[in-house]
Structure formats: structure tokens, C-alpha cells
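The values are calculated or read from the model by the stated rules, or taken from the named source; none is laboratory data. Keep in mind it's a predicted model, so treat the numbers as computed, not measured. Here the Cβ positions follow ideal geometry from the backbone for every residue, glycine too, while neighbour counts run over all protein chains shown. Accessible surface areas use protein heavy atoms only, side chains included; no ligands, DNA or RNA. Shrake-Rupley method; radii C 1.70, N 1.55, O 1.52, S 1.80 Å.
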Amino acid sequence: MPGHILLCPNPGKDVGFKYTQKAAQMLSEHGFEIKICPMTDLPLEKDVPEHVEITPVEEALVGASLIAVFGGDGTLLRTARAAMGRGIPIIGVNLGTMGMMAELEAGDLHKLIDAAYSRYTPVNRMMLDVELKRDGAVVFSDFALNDAVVSGSVRLIRLTAYGDNKKIAEFSGDGIIIATPTGSTAYSLAAGGPLVEPHSESIILTPVCAHNPAARSFVLAPDREVTIRLGDIDGKQATLSADGIDAARLETGDTVVVRKSAHYTVTAEFGSGSFYETVYRKLGEKK
């Protein structure tokens, strides 16, 4: 028998842990050990049923053979960040709106049995390393499965983007998104960026509301080092965020350096539908 199965619900999506408890009972009946670790920054006292035992995430990840996430893409991103570097396959059960990263819907819980028995295809999804440099020194570092975003608050900011120290674009706008193929269906898409197959490897640059018609979205080779230089913000507010979770304040002259990470997020997939079918079903015309 492989290691235990870690169930990571979002209490705001899986109210009362309805689906988590169903999955736990089903998997336990097949002899699997289950540990439950909610993925939220909010207090849990009112959300967790009395009979449900909670395990701290650092303890729960040790020895896990599979992670099942119950929520939306944000919950899966949070879980992937917690599990980074461990190589534990993650499978999402969509309880959110889009759920572009989720392999299963709420009615597919029975398929978790196949996943628990390793009857799936493990897929490596590219990640990004992110550094904020100020006066030549690294003052903030992070990583992202979806994207890193440099953004202004209320007013425009001046940005210059480079690939391997060669200028790609210079513009004033609301910001810029540096996305992975997985993140191409998220904020980058909303800002006019391209859809890129999530199993491929590339770095996508997408300006946000650029005041320069020549500032377009670019798809770069995965080995490019991307640098974003911040112009004079003149007292304006600007931030750097990774996967929309952590953020750092930016100052005039700061540079953000983004490159392909040596780490991957491993997702458990059944290959039952193509990326194109998923896009059409979740983003296409609704009848």
C-alpha cells in the first residue's frame, strides 16, 4: 500500500467538508490512510465539523502519495505552493467557477479511487522562480505555478521588459504578467494573452492595459531570463505578486527577474479529454 492520501479542502467551497468527507469514507473503505489539511488563511473553528481531525500541512505532506484538492484553482495553487519540491502528484476536484486546473468535477469523486491506486498519468507543470532586486541585492524571492505580476495601483506605471538583457517592450500601463503555460488560462488570458497548452514549456509576457500599441503579448522560450525594470513611480504604489498570494512593494528602479524553475508541480491526469475540449467547455459559449 502506498503512502497516505492527503485531502485539502477549501472550507469556503466545500462547506461542512461535504465532499471531503465523502472522499475520505470512500478511500478509507479501500484501505487507504487519509489525512485532512484545509487550505485557507482564515480561522477554522466554525468551518470544521467536530469529528473531522485536522493535520498541519507540514506534517501531512510527509509520506503522502497523492494530494486531492477540493475547491477552485486558487485552492490548487495554494496547495501546490505548500507541496513544492516534494514531487507529490496533485489532483483537483473543482468546486469553484472555472476550475481550469482541476481534473475532476464534484460528480467524479469515484475517480479518486483510480488516482489513489496510481492509475493516472503524472504530468510535470512548469514553474517560475521570481526575484525582486533593489540596488543589486535580492530583497524578495518567490515562485509561481501560474504567474508573477507587476502591477500599479490606481495610476499608470512605467515598465521595460527584457529577455536575456534584450529589450522586448517599454510602455506605461497597469502592469505586466509573466505567466507559465498553466497560467495562460488565468489573468494573462483576461489581459489579452494567448492560450498555451499547459504541458508545454514557455514564458508568456502579457502587458496589462499598455498605452503603447506595440506592447503586445510575447511567448518566449523557457530558457529565457526575463527582467522587468520599473521606471520612476513618483510616489505611486506598485507591487509584485506570485500566484496572486504573496506580494512585495516596489520602488523606483527595482528590477524583477523571472526564470524557469528547477521545480515542477506534478498533476495527476487521466487523459480523458484534451486541453482544447477543456477550454471550449469551461471558457466557450454557454447555452
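Can you list the helices (runs of 4 or more DSSP H) lying wholly within the stretch 48-126 that have 2 or more residues being at pLDDT below 95? Full working, then the answer.
Details: elements: 57-61, 73-82, 111-116.
Per the criteria, 57-61, 73-82.
Checked against the criterion of being open to solvent by 10 Å² or more (accessible area, probe 1.4 Å), among the polar types (S, T, N, Q) and either in a loop (DSSP other than H, G, I, E, B) or within 27 Å of ALA82 (Cα to Cα) (or both), the stretch 176-184 has no qualifying residue.
Could you list, in sequence order, the residues of the stretch 120-151 that are small (Gly, Ala, Ser), more than 19 Å from ARG78 (Cα to Cα) and within 21 Å of the chain's Cα centre (by Cα)? Within the stretch 120-151, SER151 is the sole residue that qualifies.
Listed conditions (1) in contact with a Phe, Trp or Tyr (Cβ under 8 Å, 6 or more places away or on another chain); (2) open to solvent by less than 40 Å² (accessible area, probe 1.4 Å) are all met by ARG229, apart from (2).
Counting residues in the stretch 257-267 that are assigned to a loop (DSSP other than H, G, I, E, B), open to solvent by 10 Å² or more (accessible area, probe 1.4 Å) and among the small types (Gly, Ala, Ser) gives zero.
Considering only the stretch 82-99, state which residues are within 15 Å of THR40 (Cβ to Cβ) and either without any contact (Cβ under 8 Å) to a residue 40 or more places away in the chain or open to solvent by less than 30 Å² (accessible area, probe 1.4 Å) (or both). The one that is within 15 Å of THR40 (Cβ to Cβ) and either without any contact (Cβ under 8 Å) to a residue 40 or more places away in the chain or open to solvent by less than 30 Å² (accessible area, probe 1.4 Å) (or both): GLY96. Per this entry, ALA248 is counted among residues that are within 24 Å of the chain's Cα centre (by Cα) and either free of Cβ contacts under 8 Å to residues at least 12 places away in the same chain or farther than 13 Å from ASP147 by Cα (or both). The residues listed here are THR40, THR20, THR79; of these, the one that is of a type in the set (S, T, N, Q), in contact with a Pro (Cβ under 8 Å, 6 or more places away or on another chain), closer than 24 Å to ASP142 by Cα and crowded, with 16+ Cβ neighbours inside 10 Å is THR40.
It is to be established whether one or more residues within the stretch 229-239 are touching a residue at least 40 places away in the same chain (Cβ under 8 Å) and small (Gly, Ala, Ser). Don't jump to the end; show me each part of the working.
If we filter the stretch 229-239 for residues that are touching a residue at least 40 places away in the same chain (Cβ under 8 Å), which is where we start, we get 229-233, 236-239.
Narrowing the set further to residues that are small (Gly, Ala, Ser) leaves 231, 238.
Yes, the conditions are met somewhere in the stretch 229-239.
Go through the residues of the stretch 138-146 one by one and say whether even a single one is crowded, with 24+ Cβ neighbours inside 10 Å, touching a strand residue (DSSP E or B) at 6+ places or on another chain (Cβ under 6 Å) and part of a strand (DSSP E or B). Reasoning before the result, please.
If we filter the stretch 138-146 for residues that are crowded, with 24+ Cβ neighbours inside 10 Å, which is where we start, we get 144-146.
In the following step, the residues that additionally are touching a strand residue (DSSP E or B) at 6+ places or on another chain (Cβ under 6 Å) were identified as 144-145.
Subset that is part of a strand (DSSP E or B): 144.
Yes, there is a match, as at least one residue in the stretch 138-146 is crowded, with 24+ Cβ neighbours inside 10 Å, touching a strand residue (DSSP E or B) at 6+ places or on another chain (Cβ under 6 Å) and part of a strand (DSSP E or B).
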